[in-house]
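I have placed the structure first, in the form of structure tokens, so that the comments after it can refer back to it.
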Amino acid sequence: MNDPYGVLGISSSASDEEVKRAYRELARKYHPDNYQNNPLSELAEEKMKEINQAYDAITKMRSGNGKTAGGSSSSYGNYSGSYGGNGGNASGAYAQVRNAINRGDLNQAEMLLRQMPERTAEWHFLTGSIAYRKGWLDEAQQHYQLACGMDPGNMEYRQALAYMQSGGQAYRPMGYGGVGNMSAADCCASMMCINCLCGGQGC
Amino acid sequence: MFGYVLPLAGELKVKEFEKFKSAYCGLCHAMGRKCGLKARFLLNYDFTFLAMLLDGGSKASADQMCRCVASPFRRRRVCAMTSGFEMAADASVILSFWKLRDTVQDEGFFRGFAARLLSLLLRPAYRKAAKRRREFDLTVRQCLSQLRQLELEQCPSLDRVADTFARLLQAAGMEAQTEQRSPVEQILYHIGRWIYLADAYDDLEEDFKRKRYNPLITRFALTVPTLPEKDREQLETTMRHSLNLATSAYGLLQVGRWSEVLDNILYLGLPTSGMRVLAGEKIKWNQSKQKIGEIIYE
């Protein structure tokens, strides 16, 4: 394995506090929320694994005798990046489309959708997801809007639409937050919204 | 490209600004050496960004101090030329050449005259560059002809037209180092979409007046040459989202010696340019060039 200090970008003489801070900053950077339904999500997961391992290795070394420092290790470890499987209401054909999207096989997913006779809410939602993945953000939003209009109670669709309306998110280091972004208050409010929506779904 | 991709100069440290200047000079030298003197007039900040991005974390030899046409007396710091800089030099020549040919086709004889002349001057440089980058040259031609087709059809989808330019820019990433390739391509795709939309907004009034195609006119069914507030917000959000996706991809990249400058461009420079364009400021081409240019050539 690489030098764990190098992975976290610090020197081996860093204090425990500095180690923790460097780890937290990188965990914020590679957080799966920044790579939702993104072709790079696997790469981000790999990076996350790397820093988790590095952090665990350092805490292990520092606590001596191979004891792990309980609680602090790999707090971001067990996130599954797979997308949209928890709807539960997907019938066979739509499940196939979701699988294709998860595999990153957008052509296949698009072809399956094109063959479907009915344009249901889920059809629009999945078409929007494919558009999003390609970076076609305007069309993605329009399809999510249609999906929400047809099935206003569906949390998955509403969450996707809310995300588009917020303009997405990305990691910015401390001190780079300001330009053209939401104010801190707006940011908190929208996070609360997202939390509510997630809570509604029970995840 | 258009001059939107700039660092926010006021937020750069002096040493970072020196670095940016050395990249700018480095690209200019790369263009001169690879494509001839005339190509050097195409130098701009967008391609300096591309050069730094494609250069990646490559280990380069130390900077050199050189004289050049623009600075015949005082030596300037020039970064070492790597394959990323060579690619950016070729890409800028190929893109500019086809863009000029495009203008020649679009405009009448008189309006297109300058473009025709420039493209003739640039042809030898283009030939050299295209010989080295056949695949990129082909993609540029394909994407521009698809763009032309969509314009003829009065395509109402923002994404579909922006996609042609985004893919064209993405193609410049094909020569990045293998393990960096997919994030670099993602960055270029999303920034390409962002540039296209910014440019469409910038040109809106002019296109409306001259009855030319503009995706914003067809997408928002405009009957006046201004975008209503609600639609402008929509455009702002979708552009910000593209930048966010580019920024997320950038997070996965090793950029070595350029990290501070690229951080500035991604986190500050691009959002600022976007805000200024949407506020109606005309920052395209010369205006932006002058501002930083003053600092560079003072």
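The values are calculated or read from the model by the stated rules, or taken from the named source; none is laboratory data. The model shown is predicted, which means the values in this text are computed figures rather than measured ones. Neighbour counts run over all protein chains shown; Cβ positions are idealised from the backbone, glycine included.
Looking across the range B:142-181 at every residue that is modelled with pLDDT of 95 or more and basic (Lys, Arg), the one that is nearest to B:Leu253 (Cα to Cα) is identified as B:Arg167. So, A:Trp136, is that one modelled with pLDDT of 95 or more and within 21 Å of the chain's Cα centre (by Cα) or not? When the stated conditions are applied, A:Trp136 passes them.
Of the residues making up the range B:153-169, those that are more than 13 Å from chain A (Cβ to nearest Cβ) and assigned to a helix (DSSP H, G or I) number 1. May I ask you to list pairs of residues, at least six apart or on different chains, whose Cβ atoms are under 8 Å apart, with the first in the range B:116-128 being part of a helix (DSSP H, G or I) and the second being among the β-branched types (Val, Ile, Thr)? Within 8 Å, the pairs are B:Arg116/B:Val104; B:Ser119/B:Val104; B:Leu122/B:Val93; B:Ala125/B:Val93; B:Tyr126/B:Val93; B:Tyr126/B:Ile94; B:Lys128/B:Val93.
Determine, yes or no, whether B:Leu150 is out of contact with any Phe, Trp or Tyr (no Cβ under 9 Å at 6 or more places or on another chain), under 30 Å from B:Lys211 (Cα atoms), of a type outside the set (D, E, K, R) and in a helix (DSSP H, G or I).
On the way: out of contact with any Phe, Trp or Tyr (no Cβ under 9 Å at 6 or more places or on another chain): no; under 30 Å from B:Lys211 (Cα atoms): yes; of a type outside the set (D, E, K, R): yes; in a helix (DSSP H, G or I): yes.
For B:Leu150, the condition - out of contact with any Phe, Trp or Tyr (no Cβ under 9 Å at 6 or more places or on another chain), under 30 Å from B:Lys211 (Cα atoms), of a type outside the set (D, E, K, R) and in a helix (DSSP H, G or I) - is not met.
Please verify whether B:Leu253 is closer than 21 Å to B:Gln180 by Cα, more than 8 Å from chain A (Cβ to nearest Cβ), among the aliphatic types (A, V, I, L, M) and surrounded by fewer than 24 Cβ atoms within 10 Å (Cβ to Cβ), treating the condition exactly as stated.
Judged against the criteria, B:Leu253 is a match.
Yes/no per residue for (1) in a helix (DSSP H, G or I); (2) in contact with a Pro (Cβ under 9 Å, 6 or more places away or on another chain); (3) not aliphatic (A, V, I, L, M):
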{"residue": "B:Ala171", "(1), (2), (3)": "yes, no, no"}
{"residue": "B:Pro183", "(1), (2), (3)": "yes, no, yes"}
{"residue": "B:Ile187", "(1), (2), (3)": "yes, no, no"}
{"residue": "B:Arg193", "(1), (2), (3)": "yes, no, yes"}
{"residue": "B:Ala200", "(1), (2), (3)": "yes, yes, no"}
{"residue": "B:Asp203", "(1), (2), (3)": "yes, no, yes"}
{"residue": "B:Phe208", "(1), (2), (3)": "yes, yes, yes"}
{"residue": "B:Tyr213", "(1), (2), (3)": "no, no, yes"}
{"residue": "B:Thr226", "(1), (2), (3)": "no, no, yes"}
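Within the range A:145-161, residues that are among the aromatic types (Phe, Trp, Tyr) have Cβ atoms under 6 Å from residues that are modelled with pLDDT of 95 or more in these pairs: A:Tyr157/A:Phe125; A:Tyr157/A:Ala147; A:Tyr157/A:Cys148, counting only partners at least 6 apart in sequence or on another chain.
Can you find even one residue in the range B:51-70 that is without any contact (Cβ under 8 Å) to a residue 40 or more places away in the chain, part of a helix (DSSP H, G or I) and under 28 Å from B:Ile191 (Cα atoms)? Please lay out each step first, then the result.
Initial filter on the range B:51-70 (without any contact (Cβ under 8 Å) to a residue 40 or more places away in the chain): B:51, B:61-62, B:64-65, B:67, B:69.
Filter once more, keeping what is part of a helix (DSSP H, G or I): B:51.
Add one more test, that the residue is under 28 Å from B:Ile191 (Cα atoms), and what stays is B:51.
Yes, some residue in the range B:51-70 is without any contact (Cβ under 8 Å) to a residue 40 or more places away in the chain, part of a helix (DSSP H, G or I) and under 28 Å from B:Ile191 (Cα atoms).
Provide a single number: the residues in the range B:175-184 that are within 10 Å of chain A (Cβ to nearest Cβ) and surrounded by fewer than 21 Cβ atoms within 10 Å (Cβ to Cβ). First the steps, then the outcome.
Just the residues of the range B:175-184 that are within 10 Å of chain A (Cβ to nearest Cβ), to begin with: B:179, B:182-183.
Among the residues that remain, those that are also surrounded by fewer than 21 Cβ atoms within 10 Å (Cβ to Cβ) are: B:179, B:182.
Of the residues in that region, 2 qualify.
Looking only at residues in the range A:22-35 that are buried (at least 19 other Cβ atoms within 10 Å of the Cβ) and within 10 Å of the chain's Cα centre (by Cα), the one that is nearest to A:Asn2 (Cα to Cα) is A:Tyr30. Every test in (1) within 14 Å of another protein chain (Cβ to nearest Cβ); (2) among the charged types (D, E, K, R); (3) crowded, with 19+ Cβ neighbours inside 10 Å is passed by A:Lys134 save one, and that test is (3).
Here's the yes/no breakdown for (1) among the charged types (D, E, K, R); (2) surrounded by fewer than 16 Cβ atoms within 10 Å (Cβ to Cβ):
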site	(1), (2)
B:Val93	no, no
B:Asp102	yes, no
B:Arg111	yes, yes
B:Ala114	no, yes
B:Lys131	yes, yes
B:Leu138	no, yes
B:Leu144	no, no
B:Ala171	no, no
B:Leu188	no, no
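May I ask you to list the residues in the range B:1-38 that are assigned to a helix (DSSP H, G or I), among the small types (Gly, Ala, Ser), more than 14 Å from every other protein chain (Cβ to nearest Cβ) and touching a residue at least 60 places away in the same chain (Cβ under 8 Å)?
Keep residues of the range B:1-38 that are assigned to a helix (DSSP H, G or I), which gives B:9-11, B:14-35, B:37-38.
The next check asks that each one be among the small types (Gly, Ala, Ser); those that pass are B:9-10, B:22-23, B:26, B:30, B:32.
Retained after the next criterion (residues that are more than 14 Å from every other protein chain (Cβ to nearest Cβ)): B:22-23, B:26, B:30, B:32.
Passing the criteria: only B:Ala23.
What number of residues within the range A:1-21 are among the acidic types (Asp, Glu) and surrounded by 11 or more Cβ atoms within 10 Å (Cβ to Cβ)? Residues in the range A:1-21 being among the acidic types (Asp, Glu) and surrounded by 11 or more Cβ atoms within 10 Å (Cβ to Cβ): 2 in total. You will find that of A:Gly149, A:Gly175, A:Gly153, the residue that is surrounded by fewer than 19 Cβ atoms within 10 Å (Cβ to Cβ) and at pLDDT below 90 is A:Gly175 and no other.
Listed by first and then second residue, the pairs linking a residue in the range A:34-48 that is touching a residue at least 40 places away in the same chain (Cβ under 8 Å) to a residue that is among the aromatic types (Phe, Trp, Tyr), with Cβ atoms under 6 Å apart and 6 or more places separating them unless they lie on different chains, are A:Asn34/A:Tyr171; A:Asn37/A:Tyr83; A:Asn37/A:Tyr132; A:Ser41/A:Tyr35.
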